[in-house]
Amino acid sequence: MSPISFDNMIIIQYVGCRRCPVSLCLVEIFDIDPDVMKGATMTVRPEFQTELFEKGVAMRREVLGDAHVERSLDSVTDLTATLQKMVTEWAWGDVWQRPGLSKQERSILNLGMLTALNRPHELRVHIRGALRNGVSEEKIVEVILQTAIYCGFPAALDSMRAVAETISAYREEVGSASD
């Protein structure tokens, strides 16, 4: 299927997550014949059409999951597009692709740094990523205990609450997915 263009948006064939509701929206908004849109589709901003961006999205999906990446990309606006492109290309398309550290090691480092920076939203995202990368719950707890000494107990206490909540939610999701 070749791309179809609508007012600065390009609709491309998408071979990933089938839960993405974008194709239904496009069918309704543009009165497109649903048979033309067979298969899942995704809206892509023209500035996101680079090889490095595609590499970054693939790594983000692998580490953080389709649902998180879809929410992130679906919420991009003209105001946030440049930062989203930088994060996806530089962090996920370049640094996360380097051979010097495993994904597990990168996840562990991120948990410590995000605790030190007091970034609870990103911490929760990366706790999930660490679990998806195969970092054990026990290691995640040990990382937070280590941060208590160097980052302070208030930071570690906040992070441990985030760990407990995120692990509980992740267990529910994984448990319900395997039922």
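For (1) assigned to a loop (DSSP other than H, G, I, E, B); (2) farther than 27 Å from Arg161 by Cβ, each residue gets a yes or a no:
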| position | (1), (2) |
| --- | --- |
| Lys85 | no, yes |
| Leu109 | no, no |
| Glu122 | no, no |
| Val135 | yes, no |
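Is the stretch 118-137 home to any residue that is surrounded by 12 or more Cβ atoms within 10 Å (Cβ to Cβ) and within 21 Å of Glu51 (Cβ to Cβ)?
The answer is no; no qualifying residue exists.
Return the residue satisfying two criteria in turn: it lies in the stretch 61-85 and is of a type in the set (Lys, Arg) and in contact with a helix residue (DSSP H, G or I) (Cβ under 8 Å, 6 or more places away or on another chain), and of such residues it is surrounded by the most Cβ atoms within 10 Å (Cβ to Cβ).
Lys85
Determine if the stretch 93-107 includes at least one residue that is part of a helix (DSSP H, G or I) and either in contact with a Pro (Cβ under 9 Å, 6 or more places away or on another chain) or more than 19 Å from Gly129 (Cβ to Cβ) (or both).
No, the stretch 93-107 contains no residue that is part of a helix (DSSP H, G or I) and either in contact with a Pro (Cβ under 9 Å, 6 or more places away or on another chain) or more than 19 Å from Gly129 (Cβ to Cβ) (or both).
Given Gly93, Gly65, Gly112, which one is outside the structural domain of Leu157 (by TED's automatic domain parsing) and either basic (Lys, Arg) or closer than 20 Å to Lys139 by Cβ (or both)?
Gly65
For Ser136, state whether it is polar (S, T, N, Q) and without any contact (Cβ under 8 Å) to a residue 24 or more places away in the chain.
Criteria met by Ser136.
Residue check, Asp179 against (1) out of contact with any helix residue (DSSP H, G or I) (no Cβ under 7 Å at 6 or more places or on another chain); (2) at pLDDT below 95; (3) within 30 Å of Phe53 (Cα to Cα), all met but one. Which one?
(3)
The values are calculated or read from the model by the stated rules, or taken from the named source; none is laboratory data. Since we're looking at a predicted model, the values are computed, not measured. Note that each Cβ is placed from the backbone with ideal geometry, even for glycine, and that neighbours are counted across all protein chains shown.
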